[in-house]
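Inspection log for the structure reproduced underneath, given as C-alpha cells.
Only the coordinates and a few stated rules stand behind these numbers; no lab work does. These figures come from a predicted structure and were not determined experimentally. Here the Cβ positions follow ideal geometry from the backbone for every residue, glycine too, while neighbour counts run over all protein chains shown.
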Amino acid sequence: MVSFKTKDIESAFIKKGFQVIPDSHHRLYIYHTDDGRSAARTFISHGNKEYGDALLSRMKNQLGLTKEELHDLIKCPLTKERLREHYNNGW
C-alpha cells in the first residue's frame, strides 16, 4: 500500500503549476494549459493527513494520469515542463 502525506501532494501540485482555490471543505487544485483552459482538477480535503490507494486512485482519474505518473508528480521526477507538455499536447 502506497500513501503520501497531504502536505507533500499539495507542495508538488504548487511546484508543478497547479492553482489552488480554497473552499470550506476542500482545496481545489486546477491546472491550466498555456492557452488558459482548465486541463485538470482535483480536490484535497482539509481533514486528511495522508492519501492512500483509494484516494490516490480517484485523484489520478481526475487528473487524467496513470498511477505511476501521479506518483512521479508527487515525488518530483515528473518535471513541470513534462506535465505542461502532457496537458498541452498529450504524450
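Values for this structure:
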quantity	calculated
The chain: C-alpha gyration tensor shape, a/c 1.5 cut-off, then a/b vs b/c	oblate
For residue 78, distant residues with modelled amide H under 5 Å away	73
Placed amide H near residue 39: partners under 5 Å, 5+ positions off or other chain	31, 32, 33
Per-pair calculated FRET efficiency, R0 = 35 Å: residue 2 and residue 33 via Cβ, rounded to 0.05	0.80
Using θ = phi - 60° and Karplus 6.51 cos²θ - 1.76 cosθ + 1.60, couplings along segment 69-74 (whole Hz; Gly, Pro as x)	5, 5, 4, 5, 4, 6
With Cα atoms, 0 to 90° folded angle of helix 6-15 axis to the chain main axis	20
Tilt relative to the chain, helix 80-89 - C-alpha long axis, 0 to 90 degrees, to 10	60
Other-chain or far-sequence residues with amide H under 5 Å of residue 50's (modelled H)	6
